[in-house]
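Q: What follows is a single structure, and I will ask about it in a moment.
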Amino acid sequence: MKRIALAGVFALLLVVVGCGRKGTESTPSQAQRKWTIGMSQCNLGEPWRVQMNEDIKQAAAQHADEIEVIYKDAQNKTEVQQAQVREFIQMGVDLIIISPKEARPLTKPVAEAYQKGIPVIVLDRKVEGDQYTCFIGADNVKIGREAGKYLVQVLGGKGKVVELKGLMTSTPGQERHQGFLEGIAGSQVEIIFDADCQWLEPIAQREMQSALARFPQIEAVYAHNDPSAHGAYLAARQEGKGREKSIRFIGIDALPHEGVRYVKEGILTATFEYPTGGKEAIETALKILKGEQVPKNLTLGTRIFTKENVEQGGEPIP
Ligand code: FRU
């Protein structure tokens, strides 16, 4: 009897040490299974997303003995991204990180993974509902509101503005618009032209050409990201009337080699930082995998860069 019991305990020990997920109990000398994280990036055609993957890679490299990240690029196609999440489920990854292209169509695949017990971290753009483990991103309503308030201030409370929106089926587009309306409320700053530029510089450039052709007075452009603000600037410069010098261009993202550089060069009047959350995603993933509690929402901060503060690294917005 005793022998059987001992054998049982021994067998149990083997299971715990040998097959268990990477546990704190096991010693480093044992061959350990790494956790696999599947990362679905909505596209890698935009510099900000390349930076997000880079931030994830750097953070993951600090934990190379514990995790391995498999990267997939959905090439800005919703159906491809839906399939990628389902592929990760099939593969049996330990955790999924997704930066979704659009909210509604990605909600279901994310919920499928979550319901199957695979933790999902949603990064930067949201999905609908609450069938995910943790959302990480900056407060886009706040960023939009700050952009609105800033424009009211630089325009002296009054002026005609073009709004070049991001993809309006994605939450940052919706929230940056809503926040901006709050920021200009009660002023005489007025949106005279707006367009969904899908976050893309060439579309923003084309839309701005139409705006310039229709409206002789445009005092400012509020673009939902820096590539769009830059596209608008190029359109104004190409028009050849010098309007790029009088129009104020405001963007969002503030990558060092993009928006921040444009501010230094005098192309943009201001840009607001939109952190990628890559590092926080890996830190949160590790906590989840180790069984620690994480918040449902992790809100990242932002900063404003103008010519006055750009050399000091911008100014945090409380
Ligand atoms: C990149 C991007 C950023 C923007 C973010 C919003 O795809 O368009 O420029 O801030 O996505 O999700």
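The values are calculated or read from the model by the stated rules, or taken from the named source; none is laboratory data. Everything numeric in this text was worked out from a predicted model, so none of it was measured. Backbone-built Cβ (ideal geometry, glycine too); neighbour counts: all protein chains shown.
Q: Please identify the pairs in which a residue from the range 286-302 that is farther than 23 Å from A61 by Cβ has its Cβ atom under 6 Å from the Cβ atom of a residue that is in a loop (DSSP other than H, G, I, E, B) and modelled with pLDDT of 95 or more, counting only partners at least 6 apart or on another chain.
A: Sorted first by the residue in the range 286-302, then by its partner, the pairs are T299/D139; T302/I317.
Q: Take the residues in the range 285-302 that are outside any loop (DSSP other than H, G, I, E, B) and farther than 21 Å from F180 by Cα, then tell me which one is farthest from the ligand (Cβ to nearest atom).
A: Of the range 285-302, the ones outside any loop (DSSP other than H, G, I, E, B) are 285-289, 297-300.
If we keep only those that are farther than 21 Å from F180 by Cα too, we end up with 285-289, 297-298.
Working: A285: 20, L286: 24, K287: 24, I288: 23, L289: 26, N297: 16, L298: 16 Å.
Out of the qualifying residues, it is L289.
Q: Let me ask another. Give me the pairs, please: first residue somewhere in the range 137-157 and farther than 30 Å from E280 by Cα, second residue anywhere and part of a helix (DSSP H, G or I), beta-carbon distance under 6 Å, and either six or more positions apart or on two chains.
A: V152/I184
Q: Right, next: Would you mind stating whether K149 is outside the structural domain of T269 (by TED's automatic domain parsing), farther than 26 Å from K57 by Cα and more than 16 Å from the ligand (Cβ to nearest atom)?
A: Details: outside the structural domain of T269 (by TED's automatic domain parsing): no; farther than 26 Å from K57 by Cα: yes; more than 16 Å from the ligand (Cβ to nearest atom): yes.
So K149 does not fit the description; no.
Q: For R86, are the conditions met, namely being away from the ligand (no atom under 15 Å from the Cβ) and buried (at least 17 other Cβ atoms within 10 Å of the Cβ)? Let's see the steps before the verdict.
A: On the way: away from the ligand (no atom under 15 Å from the Cβ): yes; buried (at least 17 other Cβ atoms within 10 Å of the Cβ): no.
Considered against the rule, which asks whether it is away from the ligand (no atom under 15 Å from the Cβ) and buried (at least 17 other Cβ atoms within 10 Å of the Cβ), R86 comes out as no.
Q: Please work out which one of (1) of a type in the set (D, E, K, R); (2) exposed (fewer than 13 other Cβ atoms within 10 Å of the Cβ); (3) not assigned by TED's automatic domain parsing to the domain that holds A147 is the condition E311 fails and give its number.
A: So the condition that E311 fails would be (3).
Q: Suppose the filter is touching a residue at least 12 places away in the same chain (Cβ under 8 Å) and either within 11 Å of the ligand (Cβ to nearest atom) or buried (at least 21 other Cβ atoms within 10 Å of the Cβ) (or both); does E128 pass it?
A: Working: touching a residue at least 12 places away in the same chain (Cβ under 8 Å): yes; either within 11 Å of the ligand (Cβ to nearest atom) or buried (at least 21 other Cβ atoms within 10 Å of the Cβ) (or both): no.
Taking the combined requirement at face value, the residue does not satisfy it.
Q: Kindly indicate whether any position in the range 172-194 is in contact with a Ser or Thr (Cβ under 8 Å, 6 or more places away or on another chain) and not assigned by TED's automatic domain parsing to the domain that holds P47. Let's see the steps before the verdict.
A: Step one: of the range 172-194, the residues in contact with a Ser or Thr (Cβ under 8 Å, 6 or more places away or on another chain) are 193.
Adding the requirement that they be not assigned by TED's automatic domain parsing to the domain that holds P47 leaves 193.
Yes - at least one qualifying residue is present in the range 172-194.
Q: Yes or no: T276 farther than 19 Å from S170 by Cβ and either within 16 Å of the ligand (Cβ to nearest atom) or crowded, with 16+ Cβ neighbours inside 10 Å (or both)? Write out each step before concluding.
A: Working: farther than 19 Å from S170 by Cβ: no; either within 16 Å of the ligand (Cβ to nearest atom) or crowded, with 16+ Cβ neighbours inside 10 Å (or both): yes.
In short, no.
Q: Please identify the pairs in which a residue from the range 37-56 that is in a strand (DSSP E or B) has its Cβ atom under 7 Å from the Cβ atom of a residue that is polar (S, T, N, Q), counting only partners at least 6 apart or on another chain.
A: Close Cβ pairs satisfying both conditions: S40/Q81; S40/Q84; Q41/N53; Q41/S99.
Q: While we're here: Is it the case that some residue within the range 107-124 is part of a strand (DSSP E or B), surrounded by 22 or more Cβ atoms within 10 Å (Cβ to Cβ) and away from the ligand (no atom under 12 Å from the Cβ)?
A: Initially, the range 107-124 is screened for residues part of a strand (DSSP E or B), giving 120-123.
The next check asks that each one be surrounded by 22 or more Cβ atoms within 10 Å (Cβ to Cβ); those that pass are 120-123.
Filter once more, keeping what is away from the ligand (no atom under 12 Å from the Cβ): 120-121.
For the range 107-124, residues part of a strand (DSSP E or B), surrounded by 22 or more Cβ atoms within 10 Å (Cβ to Cβ) and away from the ligand (no atom under 12 Å from the Cβ): present.
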